[in-house]
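The values are calculated or read from the model by the stated rules, or taken from the named source; none is laboratory data. Not measured: the values here are computed from a predicted model. Neighbour counts run over all protein chains shown; Cβ positions are idealised from the backbone, glycine included.
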Amino acid sequence: MTSTTVFFRDDDVGRMTPALRDVIELLVEEGVPCSYQVVPAFLDAEAARALCEIQVRHPALVHLNQHGHRHEQMLGAERVYSEFAGGRPLAEQLAEIAAGRRRLEELLGPAFDPTLFTPPCHKYDDATIQALEATGFQWLSAGVKTDPFSQIYYGIGARLGRVGFLGKRVSYHGGRVAGSALSELSVCIDVDEDKDAAGERIEKDDARLWQEFERCRRRLAIVGVMLHHACCDRPEKLAWLRAFVRRLKADPGVEILSMPVIAGRLSGERLRAAS
Ligand SMILES: [Zn+2]
């Protein structure tokens with residue numbers, strides 16, 4: 001069986017809530033690395049201290065990255081959760097990203113991994129890519145879809161060398177984003193999604209997560225799993241997550257790695273291919 005690499009990413013980290021503690025504890029207990037995406041404007045000093053302590057105790061399992069700056073913006077008269085949608089000027093995007101980075105450097109110190117950035121709601125454009133490069137990021141994490149339409153769309157977008165077109169984002173998951181030095185490592189499973197494509201309410205238990213994983217692994221060599229710890233608000237959600245993690249660990253064709261380790265391997269492969 002060909003092997004599949006799996007990574008975990010947890011979004012919207014700010015305050016040290018019981019749900020965040022539960023998710024970190026579960027993954028640490030299971031020995032599963034996770035990249036926690038911290039929203040600079042949500043992070044307070046108390047949570048920063050707690051995260052630094054956990055990171056120092058489990059440096060291979062806990063990675064702290066930047067997730068936007070404020071996780072909101074005004075689009076026209078509407079306040080939305082995205083931050084870099086709607087064609088914001090480069091100077092504005094640069095100022096937000098740099099301010100967020102400074103805040104994480106100050107509050108998290110060496111526990112902060114400043115190489116990877118996750119744009120809120122996976123929304124970004126050419127200006128975001130330029131701002132991320134100018135600020136010193138090397139990796140971008142967003143979403144990748146595995147349905148045939150999206151795969152064809154990404155193929156066309158890549159041939160045109162576009163970050164996005166026709167109002168959608170082109171994913172370069174596992175490779176370099178067109179026209180930039182930035183590489184992309186994106187997620188394809190949203191553990192806490194509560195509606196299906198038809199808008200019907202769903203609950204992703206471990207069996208359903210496994211089905212989704214089986215679909216993703218047929219298309220992708222690297223499968224990213226996205227969590228939102230705030231949604232882990234019931235014991236059964238944690239039980240499903242633990243069961244899913246254990247099933248991944250028990251599968252001989254699965255290797256769970258941290259995002260930095262995968263990034264290092266991909267960079268190494270690219271260097272070898274270039275030499
Ligand atoms: Zn978010």
Quiz item: Does the range 159-170 include one or more residues that are farther than 22 Å from residue 266 by Cα, outside any strand (DSSP E or B), among the aliphatic types (A, V, I, L, M) and out of contact with any strand residue (DSSP E or B) (no Cβ under 7 Å at 6 or more places or on another chain)?
Solution: yes
Practice problem: Check 105, 92, 72 and return the single one that is farther than 22 Å from residue 15 by Cβ and surrounded by fewer than 18 Cβ atoms within 10 Å (Cβ to Cβ). | Solution: 92
Quiz item: So is residue 85 farther than 30 Å from residue 247 by Cβ, assigned to a helix (DSSP H, G or I) and of a type in the set (A, V, I, L, M, F, W, C) or not?
Solution: no
Quiz item: For the range 111-131, how many residues meet the condition of being away from the ligand (no atom under 16 Å from the Cβ) and more than 26 Å from residue 49 (Cα to Cα)?
Solution: 6
Quiz item: Only one residue in 152, 97 is surrounded by 13 or more Cβ atoms within 10 Å (Cβ to Cβ) and either at pLDDT 95 or above or under 28 Å from residue 212 (Cα atoms) (or both). Which one?
Solution: 97
Quiz item: Within the group 19, 50, which residue is out of contact with any strand residue (DSSP E or B) (no Cβ under 7 Å at 6 or more places or on another chain), more than 12 Å from the ligand (Cβ to nearest atom), modelled with pLDDT of 95 or more and more than 23 Å from residue 243 (Cα to Cα)?
Solution: 50
Quiz item: Within the range 183-205, is even one residue hydrophobic (A, V, I, L, M, F, W, C) and touching a residue at least 60 places away in the same chain (Cβ under 8 Å)?
Solution: yes
Quiz item: Hey, does the range 27-44 have a residue that's in a helix (DSSP H, G or I), under 19 Å from the mean Cα position of the chain (by Cα) and away from the ligand (no atom under 16 Å from the Cβ)?
Solution: yes
Self-check item: Top-ranked residue in the range 1-56 [being in contact (Cβ under 8 Å) with a residue 60 or more places away in the chain and of a type in the set (Ser, Thr, Tyr); ranked as surrounded by the most Cβ atoms within 10 Å (Cβ to Cβ)]
Solution: 35
Quiz item: Can you tell me how many residues in the range 193-214 are crowded, with 18+ Cβ neighbours inside 10 Å and assigned to a loop (DSSP other than H, G, I, E, B)?
Solution: 1
Quiz item: If you check 83, 78, which single one turns out to be free of Cβ contacts under 8 Å to residues at least 12 places away in the same chain and either away from the ligand (no atom under 16 Å from the Cβ) or not aliphatic (A, V, I, L, M) (or both)?
Solution: 78
Practice problem: Quick one: count up the residues across the range 234-243 that are touching an Asp or Glu at 6+ places or on another chain (Cβ under 9 Å) and surrounded by fewer than 18 Cβ atoms within 10 Å (Cβ to Cβ). | Solution: 5
Quiz item: When residues of the range 55-72 are filtered for being within 20 Å of the chain's Cα centre (by Cα) and either away from the ligand (no atom under 12 Å from the Cβ) or assigned to a strand (DSSP E or B) (or both), how many remain?
Solution: 10
Quiz item: Under 7 Å by Cβ, and 6 or more places apart or on different chains, what pairs join a residue from the range 158-178 that is of a type in the set (Gly, Ala, Ser) with one that is in a strand (DSSP E or B)?
Solution: 171/184; 174/222; 175/183; 175/184
Quiz item: Restricting attention to the range 216-224, does a residue exist that is assigned to a helix (DSSP H, G or I), crowded, with 19+ Cβ neighbours inside 10 Å and either in contact with a strand residue (DSSP E or B) (Cβ under 7 Å, 6 or more places away or on another chain) or of a type outside the set (S, T, N, Q) (or both)?
Solution: yes
Quiz item: Are any of the residues in the range 7-14 charged (D, E, K, R) and over 24 Å from residue 188 (Cβ atoms)?
Solution: no
Quiz item: What's the number of the condition residue 224 fails, among (1) over 16 Å from residue 190 (Cβ atoms); (2) small (Gly, Ala, Ser); (3) touching a Gly at 6+ places or on another chain (Cβ under 9 Å)?
Solution: (1)
